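For reference, the structure is listed below as structure tokens.
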Amino acid sequence: MKFRPLNFIPHNTTIDFVAKRWFAFGWTLFLMLVTVVSLSVNGLNLGIDFKGGILVEAKAEKAVDLAALRKDLEALNFGEVALQEFGSPDDILIRIQRQEGGEEAQQHAIQLVREKMGPGYDYRRVEVVGPTVGEELFHAGLLATFFAICAIALYVAVRFEWQFGVAAFVATLHDVFVTAGLYSVLQLDFNLTSVAALLTLAGYSINDTVVVFDRLRETMRKQKVKDLSALINLSVNQTLSRTLMTSGTTLLALLPLVFMGGPTLITFSLALTWGIVIGTYSSIYVAAALLLYMPPLRRVDTTAQKKAKAV
């Protein structure tokens, strides 16, 4: 029995994506402007990882009910409180934002936390992380994200042509930067988990872009005399079903986390959801269209490409 591939978009789709690139570029510039303004005015709402705070690692006699313990600690009104399993269900890591005041205020908070948790815990580590360490982590996280995007672009440049690498760098940087803007606009907690979300998004975004680029390269080999705009439209239309299905199934897994994941997962899942939508849009409308404004690609009619730029 022969199975046919599932396609939500007909194979003979002929949407003129290149002609609509100005609307996409306008929307991109708007999102970038909102991000720049928000980061300049509001900045990022840095979490415990980057502002510093109290770190407690403890081992319980049995599995810990994180939801109940979180509720008890939040009743102390210490501000942001983060709990997570640390290796096994009876190992927990507690992070509490830095309290106003000096070292005495931090030690008093630690004492209240121990009293609230009660007996039955073996405290393996209790530390007070200063803001200097948090600032270093913040800068390291930003550098890690930037270098990851550069490494991705370098791979694309080597795997295809350097013009593809530049387009991939711009599109991926746009997706990550605009997602960081979401944290600023909504004032979501920005912590190490948020950096992980941005790195995950960079990898996901380039995945769709590489699929489009690979189909474009194959199309250039088969149809050497067509202008670049026609090749881009053909390639994007041929991969459109795959792109939308991949993004749609990923969103189906993320949306339950957004609405039912609770405060612990909301920043991670919401950022990934927004990033996937933006990344899909940039892969379809932005990444390949940027090739029109670069030196001519090999195996492309350069005269036709110049005409495409003027459209």
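A short reminder: the numbers here are calculations on the coordinates, not readings from a lab. Bear in mind the structure is a predicted one, so any value in this text is a computation, not a measurement. Here the Cβ is made from the backbone with ideal geometry for all residues, glycine too, and neighbour counts use every protein chain on show.
Sites listed here are GluC sites (Glu not before Pro) in segment 24-126 whose DSSP assignment is loop and whose Cβ has at most 14 other Cβ atoms within 10 Å: Glu61, Glu100. Modelled this way, with points 7 Å down the Cα-to-C-beta line, the labels at Phe30 and His108 are 5.0 nm from one another. Summarising the label geometry, the points placed 7 Å from Cα in the beta-carbon direction at Leu257 and Ala196 lie 0.9 nm from one another. This model, with +1 at the C-beta of Lys and Arg and -1 at the C-beta of Asp and Glu, gives the chain a dipole about its Cα centre of some 2260 debye. The lysine pair count for the chain, using Cα distances under 19 Å and pairs eight or more places apart or on different chains, is 14. Where (1) 6, 22, 26, 19, 13, 9, 4, 1; (2) 7, 32, 38, 20, 3, 0; (3) 5, 23, 30, 24, 13, 4, 0 are the candidate values, the label of the one calculated here for P(r) over Cα pairs in 10 Å bins from 0, in percent is (1).
The modelled label-to-label distance for the pair Val37/Val126, using points 7 Å beyond Cα in the direction of Cβ, is 4.8 nm. Mean sequence separation of contacting Cα pairs (under 8 Å, at least six apart), scaled by the length of segment 53-129, corresponds to a relative contact order of 49 percent.
Contact order for the chain, expressed relative to its length and based on alpha carbon pairs under 8 Å spaced 6+ residues apart, stands at 24 percent.
Placing R0 at 30 angstrom, the Cβ-Cβ distance between Phe147 and Val277 gives a FRET efficiency of 0.75 after rounding to 0.05. Between the C-alpha center of segment 228-263 and that of segment 47-95 there is a gap of 36 Å.
Screening the chain for DSSP H helices whose Cα atoms reach 20 Å or more along their own axis and whose mean Kyte hydropathy is at least 0.5 gives 21-41, 131-159, 162-186, 228-260, 262-281.
For the pair Gln187 and Trp22, the difference between a 0.36 nm per residue extended length and the Cα-Cα distance amounts to 56.4 nm. So for segment 53-129, Kirkwood radius off the Cα pairs, Stokes-Einstein at 10 °C and 1.306 mPa s: how many µm² s⁻¹? D = 128 µm²/s. Legend: calculated FRET efficiency, Leu265 to Arg221, from the Cβ-Cβ distance at R0 = 51 Å, rounded to 0.05, equals 0.70.
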